[in-house]
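What follows is a short report on a single structure.
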Amino acid sequence: MDSVMKKFCFIYFLFLTQLIFSSLAAGQTKTDSLLNVLATRQEDSLKQDARIHYVNSIKLAYDKSYPVINEGIAAAKSNNDYPHLIKLYNAAGMMYWQLGISDSSILAFEKSLSYAIYIKNDMGIASADLGLANVYKNTGDYAKAVKYALDSEVHFNLAGDTTGVARSCNVLGIIFRQQGDFNKSIYYYNRGLETVRSMNDALLESGFLSNIGVVYQEINNMDSAWYYHKNSLAIRLKLGDKKNIAISYGNIGSLFKKEQQIDSALFYTEKALQIFEETNYVMGMMEAYIAVGDIWQEAGNHQKAISMYKKAEELAKLGNLLPTLLGISKNMGESYQAMGKYKEATEYLALYIELKDSLFSTEESKEVQKMEIEFQYQQKHLADSLKALEREKFVLIENQKQKAINEAQTARFRIYLISGISAFVLVMAVALILYRNNKKQKMLNGIIAVQKATVEEKNKEITDSINYAKRIQEAILPPSHLVEKYLPESFILYKPKDIVAGDFYWFDYSAEDILISAADCTGHGVPGAMVSVVCSNALNRAVKEFGLRKPNQILDKVRSLVIETFEKSEKDVKDGMDAALVRITNTGSDKKEVQFSGAHNPLWIVRKDSKEIIELKADNQPIGKFIDAKPFTNFSHPLSTGDSLYIFTDGFADQFGGDKGKKFKTSNLQKLIISISEKPMRDQKIILEKTFEEWRGNLEQLDDVCVIGIRV
């Protein structure tokens, strides 16, 4: 098809789009009916079903979905309603996934999966497995993505859900396409396409056609790519599905870009972006920002390209979508390089190399292949077992039929005797089968009991080791009575996410001054705790061994000690920490001075009887390996009696929660600090902890938390 004919066809499709979208208002009636049920009906199973249908009908309206899901989960928990808990947590996982919030999505799907496993609900297990496969696919954890996708296919088969099997094939097709294994990708897509066509499911058919078109585009088979994308768009226009129509527009824009028709490419891609923004489909918005950026880059307008890439980068970082960040970092590096901004180009291209090494390691590819081979073997073994069972059953039935025919030809008076014998044989056969099954089950139960005991023993060993690590970490923290002796008006709010933490606080004193720090090491849990021991030791050495007291000199020395420690490893270790380090000195009878130096984390000062925060900003660099490392800055500020100082890590402000499941944010932490700054320090700690827990609600704590307050 030549260029003019292509443009004519798609202008005609756009005209159809306007007609079809006008019919979507009919869906409002259904939504209104569901809202009426939610508002008027007493709590029961039908009301829970209405909640799930309502959330599915409004799709990406997060502000409306979140309260309904939370209300449903609370009601289901109070009634031990596990089937609806499975569906509600699955709906929450889908909502977070489409918004690009990966951590919350994984948490919701895992809860849905645990309840489904508990009540042995194959459909629930399959749906949660598929959700986890999608999230891990987007975050680049392909080994987990393949595992959950293969598991979902097994459980969809057990539940008799052919649509689910097709959806599992679709996810597997995407994973293998992203890994560059196009043959396997086409194999899984074609399997899914055959399934949905046999069911006359037009919407899913359009999805498979679209995905196959993407593969052909990537291998430069443009005729096939146009064929599949056109057929997919035609189906979606007929169905009036806005989100999927937008996806097709994006694909068509990509085809035009590949054929160097920039104006047409930009037209269709921006059309897709407009629909994604209208429907608040975050994943689509992110892909469209990248696509528009690619077009501007191709056209040589690198400033506009970077503007689009930055919007996509923000969404990808929110969801920790590493494969997407990989492409963005490469493109931004190239655009900055073309603009002559070599510093920015170097940073992004270095990030690209780091992500590429992480995502496409040989070991992970081998693990994916190994899991697929193992799955295929299990499938074949299962199929062979089922065939053997069917053959045995057929032979048994045929023998019984022949025996009955032969016996029927004998004398009438023997019929009752033979029937009795046959019945006896049948009962004994059943009894024998039951006996064998019971014996086998007992054997399996014994194996399971041994395995369970082994797992429990290993878990206990691991837990004991972690608890011992906690005692070691507690030993490096300054005793509370020592801090209270030299800083009587102070508090330390310390809440590790796990048993051990990556956050820690540090304290030292002399006749002339007091040093105190809040530090956040790379990671949390056991890895973070190990790094914290190295960093705490480096602080002690900088002060005790090298005799340093100025905060910036201490941080410079700590950085060199941490790098020196990790350089002893044969591997490139880039761990370190962010920190805020404060030195309080006496300058007169009632006058004091604070000196401060920070890595990413600032110092806040609230004057007595003031409602404003004075912020001493930290240097925008970590303590550890860094491309553009500079000496840390030292700040000095006079203090008066009654002034308050606050240092902290990022765990409090980054916690998700509240009515809409959003971050607490630094701005809200500032407002909270100002509102409580005149209260006694002990009361401030209680208020901060209560606020944190109420904000978090039922959500998992995201990171370690450390907040330190001091009144001078």
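Return a yes/no flag: does region 631-651 have any residue that is farther than 26 Å from F507 by Cβ and open to solvent by 70 Å² or more (accessible area, probe 1.4 Å). Checked against the condition, which is being farther than 26 Å from F507 by Cβ and open to solvent by 70 Å² or more (accessible area, probe 1.4 Å), region 631-651 yields no hits at all. All conditions in (1) modelled with pLDDT of 85 or more; (2) open to solvent by 70 Å² or more (accessible area, probe 1.4 Å) hold for K366, with the sole exception of (1). Only one residue in G697, G651 is closer than 28 Å to S105 by Cα and either without any contact (Cβ under 8 Å) to a residue 24 or more places away in the chain or touching an Asp or Glu at 6+ places or on another chain (Cβ under 6 Å) (or both). Which one? Going through G697, G651 in turn, just one is closer than 28 Å to S105 by Cα and either without any contact (Cβ under 8 Å) to a residue 24 or more places away in the chain or touching an Asp or Glu at 6+ places or on another chain (Cβ under 6 Å) (or both): G651. Consider T565 carefully, then state whether it is open to solvent by 10 Å² or more (accessible area, probe 1.4 Å), over 30 Å from E678 (Cα atoms) and in contact with a Gly (Cβ under 9 Å, 6 or more places away or on another chain). Against the criterion (open to solvent by 10 Å² or more (accessible area, probe 1.4 Å), over 30 Å from E678 (Cα atoms) and in contact with a Gly (Cβ under 9 Å, 6 or more places away or on another chain)), T565 does not qualify. The single condition among (1) open to solvent by 20 Å² or more (accessible area, probe 1.4 Å); (2) modelled with pLDDT of 90 or more that Q98 does not satisfy is (2). Which residues, taken from region 473-502, are under 17 Å from F652 (Cβ atoms), in a loop (DSSP other than H, G, I, E, B) and of a type in the set (A, V, I, L, M, F, W, C)? If the condition is that a residue be under 17 Å from F652 (Cβ atoms), in a loop (DSSP other than H, G, I, E, B) and of a type in the set (A, V, I, L, M, F, W, C), then A501 is the only one that fits.
Only a single criterion out of (1) on the phi > 0 side of the Ramachandran plot; (2) in contact with a Gly (Cβ under 9 Å, 6 or more places away or on another chain) is not satisfied by Q178, namely (1).
Only one of the numbered conditions (1) closer than 28 Å to L322 by Cα; (2) open to solvent by 40 Å² or more (accessible area, probe 1.4 Å); (3) touching a residue at least 12 places away in the same chain (Cβ under 8 Å) is not met by D181, and that is (3).
Could you tell me whether Y249 is without any contact (Cβ under 8 Å) to a residue 24 or more places away in the chain and touching a helix residue (DSSP H, G or I) at 6+ places or on another chain (Cβ under 8 Å)? Criteria not met by Y249. Can you pull out every residue in region 627-641 that is under 23 Å from L561 (Cβ atoms) and touching a residue at least 40 places away in the same chain (Cβ under 8 Å)? Scanning region 627-641 gives I627, D628, A629, P631, F632, T633, N634, F635. Entry remark, region 499-514: residues being free of Cβ contacts under 8 Å to residues at least 40 places away in the same chain and over 18 Å from N540 (Cβ atoms) number 3 in total.
Here's the yes/no breakdown for (1) modelled with pLDDT of 90 or more; (2) out of contact with any Lys or Arg (no Cβ under 7 Å at 6 or more places or on another chain); (3) of a type in the set (D, E); (4) under 19 Å from L193 (Cβ atoms):
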position: W226; (1), (2), (3), (4): yes, yes, no, yes
position: N231; (1), (2), (3), (4): yes, yes, no, yes
position: I235; (1), (2), (3), (4): yes, yes, no, yes
position: K243; (1), (2), (3), (4): no, yes, no, no
position: Y249; (1), (2), (3), (4): yes, no, no, no
position: S254; (1), (2), (3), (4): no, yes, no, no
position: E259; (1), (2), (3), (4): no, yes, yes, no
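For region 238-254, a residue qualifies if it is closer than 19 Å to A265 by Cα and open to solvent by less than 30 Å² (accessible area, probe 1.4 Å), and the qualifying residues are N244, I245, A246, S248, Y249, G250, N251, I252, G253. Among what's in region 466-503 and is open to solvent by less than 40 Å² (accessible area, probe 1.4 Å) and out of contact with any Gly (no Cβ under 9 Å at 6 or more places or on another chain), pick the residue that is farthest from G576 (Cα to Cα). Among them, the one singled out is L487.
When A580 is tested against the conditions (1) outside any loop (DSSP other than H, G, I, E, B); (2) closer than 23 Å to S536 by Cβ; (3) open to solvent by 20 Å² or more (accessible area, probe 1.4 Å); (4) not charged (D, E, K, R), the lone failure is (3). Taken over region 322-346, the criterion of being in contact with a Gly (Cβ under 7 Å, 6 or more places away or on another chain) and open to solvent by less than 40 Å² (accessible area, probe 1.4 Å) is satisfied by P323, N331, A345. When you look at Y148, is it hydroxyl-bearing (S, T, Y), in contact with a helix residue (DSSP H, G or I) (Cβ under 9 Å, 6 or more places away or on another chain) and either closer than 27 Å to L255 by Cα or touching a residue at least 40 places away in the same chain (Cβ under 8 Å) (or both), yes or no? For Y148, the condition - hydroxyl-bearing (S, T, Y), in contact with a helix residue (DSSP H, G or I) (Cβ under 9 Å, 6 or more places away or on another chain) and either closer than 27 Å to L255 by Cα or touching a residue at least 40 places away in the same chain (Cβ under 8 Å) (or both) - is not met. Is there a residue in region 126-139 that is modelled with pLDDT under 90, within 18 Å of the chain's Cα centre (by Cα) and not in a helix (DSSP H, G or I)? Within region 126-139 (the criterion being modelled with pLDDT under 90, within 18 Å of the chain's Cα centre (by Cα) and not in a helix (DSSP H, G or I)), the answer is no, since none of the residues qualifies. Any residue at all in region 197-210 that's under 27 Å from the mean Cα position of the chain (by Cα), of a type in the set (A, V, I, L, M, F, W, C), closer than 24 Å to M286 by Cβ and open to solvent by 30 Å² or more (accessible area, probe 1.4 Å)? So far as region 197-210 goes, yes, one or more of its residues are under 27 Å from the mean Cα position of the chain (by Cα), of a type in the set (A, V, I, L, M, F, W, C), closer than 24 Å to M286 by Cβ and open to solvent by 30 Å² or more (accessible area, probe 1.4 Å).
Return the only residue of K662, K611 being modelled with pLDDT under 95, under 28 Å from the mean Cα position of the chain (by Cα), surrounded by fewer than 20 Cβ atoms within 10 Å (Cβ to Cβ) and of a type in the set (D, E, K, R). K662 is the lone residue from the list that is modelled with pLDDT under 95, under 28 Å from the mean Cα position of the chain (by Cα), surrounded by fewer than 20 Cβ atoms within 10 Å (Cβ to Cβ) and of a type in the set (D, E, K, R).
Here D263 clears all of (1) out of contact with any Phe, Trp or Tyr (no Cβ under 8 Å at 6 or more places or on another chain); (2) in contact (Cβ under 8 Å) with a residue 12 or more places away in the chain; (3) closer than 25 Å to S224 by Cβ except the condition numbered (2). Scanning region 177-188 turns up no residue that is aliphatic (A, V, I, L, M) and in contact with a Phe, Trp or Tyr (Cβ under 8 Å, 6 or more places away or on another chain). Do we find that S105 is touching a residue at least 12 places away in the same chain (Cβ under 8 Å), part of a helix (DSSP H, G or I), of a type outside the set (K, R) and open to solvent by less than 10 Å² (accessible area, probe 1.4 Å) in this structure? Here the answer is yes, as S105 does meet what is asked. Restricting to region 42-64, name every residue that is modelled with pLDDT of 70 or more and of a type in the set (D, E, K, R). Passing the criteria: E43, D44, K47, D49, R51, K64. Is it true that some residue in region 235-244 is assigned to a helix (DSSP H, G or I) and within 25 Å of the chain's Cα centre (by Cα)? The answer is yes, given that some residue of region 235-244 is assigned to a helix (DSSP H, G or I) and within 25 Å of the chain's Cα centre (by Cα).
Selection of region 116-135 for residues being surrounded by fewer than 24 Cβ atoms within 10 Å (Cβ to Cβ) and among the hydroxyl-bearing types (S, T, Y) yields only Y118.
Condition first: among the basic types (K, R), part of a helix (DSSP H, G or I) and more than 26 Å from Y352 (Cα to Cα). Can you find one or more residues in region 161-169 that meet it? Within region 161-169, one or more residues are among the basic types (K, R), part of a helix (DSSP H, G or I) and more than 26 Å from Y352 (Cα to Cα). Within region 255-285, being polar (S, T, N, Q) and surrounded by 24 or more Cβ atoms within 10 Å (Cβ to Cβ) holds for one residue alone: T269.
The values are calculated or read from the model by the stated rules, or taken from the named source; none is laboratory data. Predicted, not measured: the structure shown is a model, and the values here were computed from it. Here the Cβ is made from the backbone with ideal geometry for all residues, glycine too, and neighbour counts use every protein chain on show. Side chains included, ligands, DNA and RNA excluded: accessible areas come from the protein's heavy atoms. Shrake-Rupley method; radii C 1.70, N 1.55, O 1.52, S 1.80 Å.
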